[in-house]
Amino acid sequence: MAKVAPTRRKAHSGPPAAAGRPVWSGSLRLALVTVPVQLYSAIKTGARLSFHQIDQKSGKRIRYEKTAPGVGEVDADQIVKGYEVSKGNYILITDEELDSVKIEARKTIDLVQFVDHCEIDPIYFERPYYVLPDGDLAEEGYTILRDAMRDTNKMGLGQFVMRGREYVAALKPCGDGLMLETLRFTDEVRAAAPMFAEIGEPNTDKELLDLARELISRKTAKFDPSVFHDRYTESLRDLIETKARTGKPLSVDESKDEETSGKVIDLVAALKRSLAQKTELKAETPAKKAAAKPAARRKAG
């Protein structure tokens, strides 16, 4: 009988280069099982186009400076955060005070509960992240956790801290790996009932209802995201490519003008002061001449 060579496990070579840097590193913990993992954003930035604003006359980039009325540009170390407690009244909060209330950045996501996939309303889901095992030794625990949740059709819930903010995490199988989605807290979600309170409940026409059901049934198919395209962005890319190919791009001066940047408000104030001074000079000139004439006569006598 021929011997069958044992199947070799593929060595874990880490995330692909395109994944970039992890946004969070820590561990998943289920009871006594701890799995080191890393989170990578599942969303691509830059898929949609963005524009810069340019002064067409001068060919310079429009920039936004941090200014205060009557003051002009404000240094970054002079800016503090303020929370408006009533119209025009703010409580100022320093960075040190913010640090004092920060939650300890624990590097562990404790899976404290498991729920069915359909149990969480989609409105609570916020942002997805791919979860990868952090090192070869983590891979076995990672795959066991993945397969166990897949077999039970459950997702795990826990909380963790990332970039100084606390999140609720929903962990679930995704292809050959795991995905973590951050969830909104209850106070971040508007209740639906008040929004739809004015919508009545008329008696539905049975024939129309049957027709709608039939149309839905005919158009029911497995979800394929590649079917849907951002037609606006695609048309915009075509327009930009055409203009770049047939026209001459504008050479934009992106340097920062030290003399004028952030001093528009100061310039206006200076002009007002200059006008005020000229008005004062005009007002007092006749008075000075009138006072000088008698003195001249006295000297002559």
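The values are calculated or read from the model by the stated rules, or taken from the named source; none is laboratory data. If you're wondering where the values come from, they're calculated on a predicted model, not measured in any experiment. Glycine also receives a Cβ, built like all others from the backbone with ideal geometry; neighbour counts cover every protein chain displayed.
Residue-by-condition table, conditions (1) within 23 Å of residue 186 (Cα to Cα); (2) assigned to a helix (DSSP H, G or I); (3) among the polar types (S, T, N, Q):
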{"position": "90", "(1), (2), (3)": "no, no, no"}
{"position": "97", "(1), (2), (3)": "no, yes, no"}
{"position": "102", "(1), (2), (3)": "yes, no, no"}
{"position": "115", "(1), (2), (3)": "yes, no, no"}
{"position": "118", "(1), (2), (3)": "yes, yes, no"}
{"position": "123", "(1), (2), (3)": "yes, yes, no"}
{"position": "129", "(1), (2), (3)": "yes, no, no"}
{"position": "132", "(1), (2), (3)": "no, no, no"}
* Is it true that some residue in the range 94-101 is among the hydrophobic types (A, V, I, L, M, F, W, C), in contact (Cβ under 8 Å) with a residue 24 or more places away in the chain and over 30 Å from residue 64 (Cα atoms)? -> no
* Structure fact -> Residue count, the range 69-83, condition touching a residue at least 60 places away in the same chain (Cβ under 8 Å) and either surrounded by 10 or more Cβ atoms within 10 Å (Cβ to Cβ) or closer than 11 Å to residue 252 by Cβ (or both), comes to 3
* Can you name the condition, by its number, that residue 86 falls short on among (1) among the hydroxyl-bearing types (Ser, Thr, Tyr); (2) over 19 Å from residue 254 (Cα atoms); (3) touching a residue at least 12 places away in the same chain (Cβ under 8 Å)? -> (3)
* Can you tell me which residue within the range 225-258, out of those that are part of a loop (DSSP other than H, G, I, E, B) and of a type in the set (S, T, N, Q), is modelled with the highest pLDDT? => 251
* Qualifying residues in the range 180-209 (those that are in a helix (DSSP H, G or I), exposed (fewer than 10 other Cβ atoms within 10 Å of the Cβ) and acidic (Asp, Glu)) - the one modelled with the highest pLDDT -> 187
* Within the range 285-301, identify whether any single residue is at pLDDT below 60 and either touching an Asp or Glu at 6+ places or on another chain (Cβ under 6 Å) or assigned to a loop (DSSP other than H, G, I, E, B) (or both), and answer yes or no. => yes
* Selection within the range 21-77 - under 27 Å from the mean Cα position of the chain (by Cα), under 19 Å from residue 158 (Cα atoms) and charged (D, E, K, R) -> none
* Structure fact -> Among the residues of the range 39-67, the number that are in a loop (DSSP other than H, G, I, E, B) and under 30 Å from residue 125 (Cβ atoms) is 10
* Which pairs have Cβ atoms under 9 Å, sit 6 or more apart or on different chains, and link a residue in the range 187-212 that is without any contact (Cβ under 8 Å) to a residue 60 or more places away in the chain to one that is surrounded by 10 or more Cβ atoms within 10 Å (Cβ to Cβ) and of a type in the set (Ser, Thr, Tyr)? -> 188/124
* Asked: Has the range 147-159 got any residue that is in a strand (DSSP E or B) and among the acidic types (Asp, Glu)?
  -> no
* To do: Starting from residues that are buried (at least 16 other Cβ atoms within 10 Å of the Cβ) and of a type in the set (Phe, Trp, Tyr), keep the ones in the range 115-151 and report whichever is nearest to residue 174 (Cα to Cα).
  => 130
* **Those residues of the range 102-114 which are at pLDDT below 75 and exposed (fewer than 12 other Cβ atoms within 10 Å of the Cβ), in sequence order** => 102, 103, 104
* To do: Looking for whichever is in the same structural domain as residue 30 (by TED's automatic domain parsing), β-branched (Val, Ile, Thr) and within 23 Å of the chain's Cα centre (by Cα) here; the options are 115, 131. Which one fits?
  => 131
* Mind listing just one residue for me: the one in the range 52-101 that is modelled with pLDDT under 85 and of a type in the set (Ser, Thr, Tyr) and, of those, nearest to residue 164 (Cα to Cα)? => 100
